[in-house]
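J.: Structure in structure tokens, see below.
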Amino acid sequence: MVQIANYVHPPGAGTLGAGGTPTGTDIEDNWYFPTAASGVSLEVINGNLDERNLEQATNQTFKKYHIQRGALSTSGAVGSTANLDYFWELFASLEKLYDVPVANRRWLPDSDLVQYYEPIPGANIEYYCPYDNAKVLLQWNVIWFNDGYLEAPLVPVPTNHNIQANVTKMQMFYTDSANSTEQILDSVGNRKCPPGFIRDDGTLPAEENRFPPWGDSCLYNAMFCRSWTGHKLVTLTGAGWYSAGLRTVFAGNANQSNDGSISPGTESIYQTRVLTRSMRYIIFKS
Amino acid sequence: MPKMIYDFFDEEDPFTASNLKQRFDAAQDAINDLEVASALAKGCLNDGHLPSFLSFSATTEFELANKSSSLPEVCGYGVTSDEGTAPGDFINGDSYYYNQLNTAIGFNPIGQQEAMPDDGVWEPVVESGVAPFTPLEVRFPPTDLNDFVNPVLIVLMNVHVERVAFDWVGQNWPQGNAMTETEWFMANGVAFAIQMRDADNLTWHHVYDRNGNTPAPARRLRRTERRIGVQTLDKNNPPADQASTSIVPSYRDVAIRCAITANDLQGAYDSNGVQYNIDRIDRVRGVLSLIACTGSDGTATPVETTVYCAISNANLSVLMPRCKMRSG
């Protein structure tokens, strides 16, 4: 608000001047006359005082304890370290993360993929924004890997884009309007984890397609764990509840026979394991 | 601060202009002349009284950060190392980082970059599309970080490295006593960093670690630098050209978190390795440098390499908080 420049009915003038006849309303207005633009009544003491109400002559400094807790920012976090295992059945209706034909592969567009994502407990959060206008800085960490096998390159290499099969994708979602239940897919907030194994079903890739440091006999490659330390700065519109979090997806597409044995489909990830993960927010009043 | 002195009207006091004015003026004077020490209670200032804790904040992001192709899997950037003995002779590439060939003792891949000014060329991360390419850059009003109000800039950058591949120029895989395969991988790759712009001279500068080594010329460490090694591990089938892809995807996240302070402005360096003081900065951007290391065929004959990379999902955020730097 502002310093009281004057009252609605200036004392000493008009009905409040000498010989005037002030009414009850005139007095009441000077006590309480809230306006958005200027201070014209003693109503400004209702939380609307600002720096112009300070004594001007002295060098005055505010202390941190003058500021109400949560007046400028608020924050929170969730996280978890227990392993989370996602099995192929969850995504069994998703055949591939890339489109067909196999040659000249492209990643599926988000619109075709969004229905398959599964949320990750420990990396999803709901939070309350107390400010009408604010920005939130979201930050997260996640480590994950999958047990798919590395696919040999498609030849000829320059013609095919060689999008790697058996990839587990991690995707960030968030809301930017108060109390919305529809999360937005963050177009730049996604990462992929390549498969962690060379095939061990009797059809190992040809020797020339086995690459160090895996070597000929090493089937598991520890390098194929992926970590993601992401961030997103979001403008929030209105006080209320918001949410943000990570979800994951991979192509199940395995075939299960009557005896329960499982054989790989076009893409073959049986399991993706999510390790440590967290989601944090800091809201700044605008 | 004057106390608010309010004389209650006695029963017989008239509501005259002067009597009313006296009481209204007393209230107005008191409210317009507050003193922090005596008038403000603990926790009295709420979000309605205070400006934002951030005097500036903004973000830039794009999905594809690949200069020559809209496909993230295609390695768009490419640079070839210099087979000459003089680092800094960029013969063919956008940028490269170091060239560690010591002809006196044969090939000497110690994996260390050259000192300034031969420490490589950096270029901005840019969005795919039609030129001019949008850089991964945030602009803000020229700011002196010695200013009490804005003494620090918080910068966050993320980039997704889809592929990093390399190839030999006109050679097969080096044999004999040349670098082992692992050493090749350690040497070649791509580095990312944060740069700030001098608002007065419009020059870009790295954020250096002031505790780095200081021989002349300085071998300073870029405090914001992160690096990804090449992932092409198929020695028999390296990528043939920049349109090809490596067999093994990289899929690695690069995350840089950095606080730029007044010390960093005073501890900047120019391209010749000379200390350089910046008064004000007005932009921050993300940059990359491809690391193409000259190799050997086993007989100390230099062999050029070419490095390619493809990146996506880049975002850069800058926050400028109102705060006070704690000294000591």
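J.: Is there a residue in segment B:108-117 that is surrounded by fewer than 20 Cβ atoms within 10 Å (Cβ to Cβ) and modelled with pLDDT of 75 or more?
T.: No, every residue in segment B:108-117 fails to be surrounded by fewer than 20 Cβ atoms within 10 Å (Cβ to Cβ) and modelled with pLDDT of 75 or more.
J.: Where in segment A:61-135 are the strands (runs of 3 or more DSSP E), entirely inside, with at least 3 residues that are closer than 19 Å to residue A:181 by Cα and out of contact with any Phe, Trp or Tyr (no Cβ under 7 Å at 6 or more places or on another chain)? Working first, answer last.
T.: On the way: elements: A:73-80, A:84-87, A:118-129.
In segment A:61-135, the matching strands (runs of 3 or more DSSP E) lie at A:118-129.
J.: Quick check, is residue B:73 within 14 Å of chain A (Cβ to nearest Cβ) and at pLDDT 85 or above?
T.: Numbers: within 14 Å of chain A (Cβ to nearest Cβ): yes; at pLDDT 85 or above: no.
Criteria not met by residue B:73.
J.: Which count do you get for residues in segment B:1-35 that are facing chain A (nearest Cβ under 7 Å) and without any contact (Cβ under 8 Å) to a residue 24 or more places away in the chain? Walk me through how you get there before you give the answer.
T.: Initially, segment B:1-35 is screened for residues facing chain A (nearest Cβ under 7 Å), giving B:1, B:15, B:17, B:20-21, B:24-25, B:27-28, B:31-35.
Keeping just the survivors that are without any contact (Cβ under 8 Å) to a residue 24 or more places away in the chain gives B:15, B:17, B:20-21, B:24-25, B:27-28, B:32.
Matching residues across segment B:1-35 total 9.
J.: Among (1) at pLDDT 95 or above; (2) closer than 18 Å to residue A:174 by Cβ; (3) among the hydroxyl-bearing types (Ser, Thr, Tyr), where does residue A:80 come up short?
T.: (2)
J.: Here is a follow-up. When the residues of segment A:94-113 are narrowed to those that are of a type in the set (A, V, I, L, M, F, W, C) and loosely packed, with under 15 Cβ neighbours inside 10 Å, which ends up modelled with the lowest pLDDT? Write out each step before concluding.
T.: The initial filter retains those residues of segment A:94-113 that are of a type in the set (A, V, I, L, M, F, W, C), namely A:94, A:97, A:100, A:102-103, A:107-108, A:113.
From what is left, the residues that are loosely packed, with under 15 Cβ neighbours inside 10 Å are A:100, A:102-103.
Working: A:100: 62, A:102: 51, A:103: 56.
The extreme case among them is A:102.
J.: Any chance you could count how many residues in segment B:44-61 are in contact with a helix residue (DSSP H, G or I) (Cβ under 8 Å, 6 or more places away or on another chain) and either more than 19 Å from residue B:34 (Cα to Cα) or in contact (Cβ under 8 Å) with a residue 12 or more places away in the chain (or both)?
T.: Residues of segment B:44-61 that are in contact with a helix residue (DSSP H, G or I) (Cβ under 8 Å, 6 or more places away or on another chain), as a first pass: B:44-45.
So of that shortlist, the ones also either more than 19 Å from residue B:34 (Cα to Cα) or in contact (Cβ under 8 Å) with a residue 12 or more places away in the chain (or both) come out as none.
The number of residues fulfilling the criteria is 0.
J.: In segment A:11-46, which residues are in a loop (DSSP other than H, G, I, E, B), surrounded by 13 or more Cβ atoms within 10 Å (Cβ to Cβ) and at the interface with chain B (Cβ under 7 Å from one of its Cβ atoms)?
T.: Of everything in segment A:11-46, those that are in a loop (DSSP other than H, G, I, E, B), surrounded by 13 or more Cβ atoms within 10 Å (Cβ to Cβ) and at the interface with chain B (Cβ under 7 Å from one of its Cβ atoms) turn out to be A:11, A:12, A:17, A:20, A:22.
J.: Which residues, taken from segment B:36-55, are facing chain A (nearest Cβ under 7 Å) and more than 22 Å from residue A:136 (Cα to Cα)? Spell out how you get there, then give the answer.
T.: First, pick out the residues of segment B:36-55 that are facing chain A (nearest Cβ under 7 Å): B:36, B:40, B:42-50, B:52-54.
If the condition is that a residue be facing chain A (nearest Cβ under 7 Å) and more than 22 Å from residue A:136 (Cα to Cα), then B:36, B:40, B:42, B:43, B:44 are the ones that fit.
J.: Return the residue satisfying two criteria in turn: it lies in segment A:246-284 and is modelled with pLDDT of 95 or more and over 24 Å from residue A:192 (Cα atoms), and of such residues it is nearest to the other protein chains (Cβ to nearest Cβ).
T.: Of everything passing the filter in segment A:246-284, A:284 is nearest to the other protein chains (Cβ to nearest Cβ).
J.: What are the pairs with Cβ atoms under 7 angstrom where one residue, in segment A:37-51, is within 14 Å of residue B:45 (Cα to Cα) and the other, located anywhere, is at pLDDT below 75 and surrounded by fewer than 15 Cβ atoms within 10 Å (Cβ to Cβ)? Sequence gap at least six, or different chains.
T.: The qualifying pairs do not exist here.
J.: Here is a further query. If we keep just the residues of segment B:190-232 that are of a type in the set (Ser, Thr, Tyr) and at pLDDT 80 or above, which is surrounded by the fewest Cβ atoms within 10 Å (Cβ to Cβ)? Step through it out loud before you land on a result.
T.: Start the filter on segment B:190-232 by keeping residues that are of a type in the set (Ser, Thr, Tyr), which leaves B:203, B:208, B:214, B:224, B:232.
Going one step further and asking which of them are at pLDDT 80 or above, we end up with B:203, B:208, B:224.
Numbers: B:203: 15, B:208: 20, B:224: 24.
Among those that are of a type in the set (Ser, Thr, Tyr) and at pLDDT 80 or above, it is B:203.
J.: Oh, and also: Checking the structure you have, find out if any residue of segment A:54-62 is facing chain B (nearest Cβ under 7 Å), charged (D, E, K, R) and surrounded by fewer than 17 Cβ atoms within 10 Å (Cβ to Cβ).
T.: Yes: segment A:54-62 contains one or more residues that are facing chain B (nearest Cβ under 7 Å), charged (D, E, K, R) and surrounded by fewer than 17 Cβ atoms within 10 Å (Cβ to Cβ).
J.: Next question. Out of all the residues in segment B:5-22, which are within 60 Å of the chain's Cα centre (by Cα) and surrounded by 13 or more Cβ atoms within 10 Å (Cβ to Cβ)?
T.: Those that are within 60 Å of the chain's Cα centre (by Cα) and surrounded by 13 or more Cβ atoms within 10 Å (Cβ to Cβ): none in segment B:5-22.
The values are calculated or read from the model by the stated rules, or taken from the named source; none is laboratory data. Values in this document were obtained by computation on a predicted structure and should not be read as measured data. Using ideal geometry, Cβ is built from the backbone for each residue, glycine included, and neighbour counts are taken over all protein chains shown.
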